[in-house]
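Structure first, commentary second.
The values are calculated or read from the model by the stated rules, or taken from the named source; none is laboratory data. In this text the structure is predicted, and so the values were computed from the model without any measurement. Because the Cβ atoms are built from the backbone with ideal geometry, glycine has one as well, and the counts that use them run over all protein chains shown. Surface areas here come from the heavy atoms of the whole protein model, side chains and all, with no ligands, DNA or RNA. Shrake-Rupley method; radii C 1.70, N 1.55, O 1.52, S 1.80 Å.
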Amino acid sequence: MSEGLKISVIGGGSSYTPELIEGFIESLAELPVKRIALMDIDSRRLEILGGLARRMLRAGQAPIDLQLTSNRGEAIEGSAFVISQIRVGGMAARILDEKIPLQYGVIGQETTGPGGFAKALRTIPVALAIAGDIERLAPRAILINFTNPAGLITEALHRYSAVNTIGLCNLPIGAEMRIARRLGVDRRRIALDWVGLNHLNWIRGATLDGKDIWPQVFEGEVEAACQAPADGWSFSADLLEGLGMIPCGYLNYYYNRDAMVQKIKTAPRTRGEEVREIEEGLMNMYRDPNLHQKPALLEKRGGAYYSKAAVSLITAIANDKKEVHILNTLNEGALPGLDRRAVVEVPSQIGSRGARPRVVDPMPPQIRGLVQAVKAYEELAAKAGAEGDRRAALQAMLAHPLVPSFQVAKDLLAALLEAHRAYLPQFFPGDHPKPS
Ligand code: G6P
């Protein structure tokens with residue numbers, strides 16, 4: 001391993017950054033980070049998060065040099081790893097993504113359905129610009145993409161750039177921890193047979209120290225489902241038993257579509273509005289010069305454990321650990337039934353050169369069609385986002401299983417493009433003159 005690494009965080013002013021800093025401090029013995037560059041276009045947030053990061057590093061006696069910058073190239077230059085955690089358009093844009101589809105009777109959500117599509121359209125040009133900087137200034141760096149919709153953004157990066165990109169989500173580590181807790185064992189002894197795409201995945205097998213424990217794991221989920229009401233993120237026991245697998249919470253938007261639309265429609269506010277308030281509280285805490293650690297309020301965000309996933313992934317790459325992590329990476333034939341160039345979320349082997357998916361069993365028919373349909377949507381969405389192709393954008397909407405008709409696809413697309421035109425240079429080049 002190289003002597004001291006530079007890691008840059010694009011979107012370093014994110015309220016999640018203290019999690020990452022904590023993770024790097026805790027892993028210093030295995031991962032000698034020499035410099036962390038936090039880059040953000042929001043100077044206020046950069047100052048607040050930078051201040052807290054500095055205090056955390058000092059309190060943790062970590063010999064890590066902190067660079068704060070609003071210049072992306074400066075941050076990326078010389079990095080071994082670049083972490084992307086951006087939100088183009090901020091929380092205001094997320095709230096529009098949540099509200100506009102509801103006017104058409106369609107689910108409004110930041111990663112799933114047309115809301116996630118709009119987020120992808122705003123994000124892809126910036127993600128590709130980050131990739132361009134990496135190609136120029138840190139060509140051997142590995143890009144760890146957290147930016148949502150994480151699978152789709154990773155797909156666009158693979159299709160439209162040469163950067164070695166891995167997409168990462170906190171759902172796999174969250175599921176491992178939940179199952180490990182129930183069994184009373186360390187999470188690292190558990191291996192899940194996880195299949196699908198980001199936010200569209202199922203667990204269909206599990207081992208403990210290599211021994212099959214699937215019947216026990218599945219039974220545990222069914223029992224938990226019997227105790228909890230089937231709303232929000234949980235599923236009913238008969239749904240689990242019918243499926244024979246454990247779906248991730250986001251599959252509620254498909255399996256319980258009408259109920260979820262109703263639930264979101266009648267909620268007093270959207271999740272984005274809730275998060276905006278949590279973030280205000282967090283920023284006030286982060287400003288306190290006496291705060292030297294991550295506050296408990298951060299646990300109210302959905303991205304719990306995401307830094308654990310990131311830091312253990314980076315540690316595994318830097319130490320060529322040959323561990324298996326569940327990641328978003330190029331299929332390359334590992335998951336039959338999908339294009340080789342598609343990005344899939346499956347257990348992947350980690351080594352010094354990045355991630356390679358493990359060959360897994362084909363998808364059973366009860367999930368295969370849905371995965372193929374959403375992947376087709378993602379392929380079209382990546383094209384629309386990268387090329388500003390309106391026809392591909394309409395085709396993406398038509399291909400999406402949650403969009404009910406051509407009329408809705410057309411009208412909703414027009415509404416989303418118009419609402420976000422300030423962040424869509426590829427669709428509105430006239431509004432976004434290129435700097436000369
Ligand atoms: C889950 C997802 C993340 C997402 C988060 C949203 O953990 O896996 O991809 O970012 O929820 O959390 P929030 O607190 O922003 O609603």
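With the alpha-carbon atoms as the only input, what is the per residue convex hull volume for the chain in Å³? Can you show the working numbers first?
Values: hull volume 61.4 nm³, N = 436.
Roughly 141 Å³ of hull volume per residue.
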Problem set entry | Backbone N within the stretch 295-320 under 19 Å of label point (7 Å from Arg276 Cα along the Cβ vector) | 301-302
Problem set entry | the stretch 18-95 versus the stretch 141-181: alpha-carbon centroid distance in Å | 18 Å
Problem set entry | Two-decimal Rg to Rh for the stretch 1-92 - Kirkwood Rh, Cα set | 0.95
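Can you give me the Rg/Rh ratio for the stretch 220-357, using Cα atoms for both radii and the Kirkwood formula for Rh?
Working: Rg = 19.6 Å, Rh = 18.7 Å.
Rg/Rh for the stretch 220-357 comes to 1.05.
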Exercise. Lysines within cross-link reach of Lys211: Cα-Cα under 29 Å, excluding same-chain residues under 8 positions apart?
Worked result: Lys308, Lys321, Lys322
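With runs of 4+ DSSP H residues as the only contributors, calculate the mean residue ellipticity of the chain at 222 nm using -39,500 (n - 2.57) per run, divided by the residue total and rounded to the nearest 500.
Working: 16 runs with 203 residues, N = 436.
Result for the chain: -14500 deg cm²/dmol, rounded to the nearest 500.
Calculate, for the chain, the solvent-accessible area per residue in square angstrom, rolling a 1.4 angstrom probe over the heavy atoms of the protein chains.
Working: 18500 Å² over 436 residues.
Value for the chain: 42 Å² per residue.
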For this session: Once you have a ≥ b ≥ c as the square roots of the Cα gyration tensor eigenvalues for the stretch 254-313, tell me rounded if a/c is under 1.5, and otherwise prolate or oblate according to whether a/b is larger than b/c.
Result: oblate
Exercise. If the convex hull of the alpha-carbon atoms of the stretch 138-188 is projected onto planes in all directions, what is the mean projected area in square nanometres?
Worked result: 4.4 nm²
Problem set entry | Long-range amide H partners of Ala206 with built H, under 5 Å | Asp193, Ile213, Trp214
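For the ranges 254-260, 150-156, 183-189, what's the packing order if you count other beta-carbon atoms within 10 Å of each residue, average per peptide, and put the highest first? List each step's numbers first, then the result.
Working: 254-260: 15.3, 150-156: 29.6, 183-189: 12.4.
Final packing ranking: 150-156, 254-260, 183-189.
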For this session: Using only the Cα atoms of the stretch 173-258, build the gyration tensor, take square roots of its eigenvalues as a ≥ b ≥ c, and label the shape rounded, prolate or oblate: rounded if a/c is under 1.5, else prolate if a/b is larger than b/c, else oblate.
Result: prolate
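Ignoring ligands, DNA and RNA, what percent of the accessible area of the chain is carbon or sulfur (1.4 Å)? Please list the in-between numbers first.
Values: 9230 of 18500 Å².
Of all accessible area on the chain, carbon and sulfur atoms account for 50 percent.
Is the shape of the stretch 343-436 best called rounded, prolate or oblate, per the rule: a/c under 1.5 gives rounded, else a/b larger than b/c gives prolate, else oblate, with a ≥ b ≥ c the square roots of the Cα gyration tensor eigenvalues?
Numbers: a/c = 3.93, a/b = 1.45, b/c = 2.72.
Because a/c hits 1.5 or more and a/b fails to exceed b/c, the stretch 343-436 counts as oblate.
Could you give the size of the charge dipole of the chain about its Cα centre, using +1 on the Cβ of each K and R and -1 on the Cβ of each D and E, expressed in debye and rounded to the nearest 20? Can you show the working numbers first?
Details: 51 positive and 49 negative charges, 122 e Å.
Computed charge dipole of the chain: roughly 580 debye.
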Problem set entry | Relative contact order (percent, whole number), the stretch 292-436, Cα cutoff 8 Å, 6+ residue spacing | 14 percent
Problem set entry | 3J(HN,Hα) from dihedral phi, the stretch 323-334, Karplus parametrisation 6.51/-1.76/1.60, rounded to Hz, x for glycine, proline | 8, 10, 10, 8, 9, 9, 8, 5, 4, 6, x, 5
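For the chain, calculate the relative contact order in percent as a whole number, restricting contacts to Cα pairs under 8 Å that are 6 or more residues apart. Mind dumping the intermediate values first?
Values: 809 pairs, mean separation 75.6, N = 436.
About 17 percent, as a whole number.
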Problem set entry | Nonlocal amide H pairs with Gln109, under 5 Å, H built at 1.01 Å | Gly115, Gly116
Problem set entry | Of Leu38, Gly108, Leu183, farthest towards positive along the dipole that unit charges on Lys, Arg, Asp, Glu beta carbons give the chain | Leu38
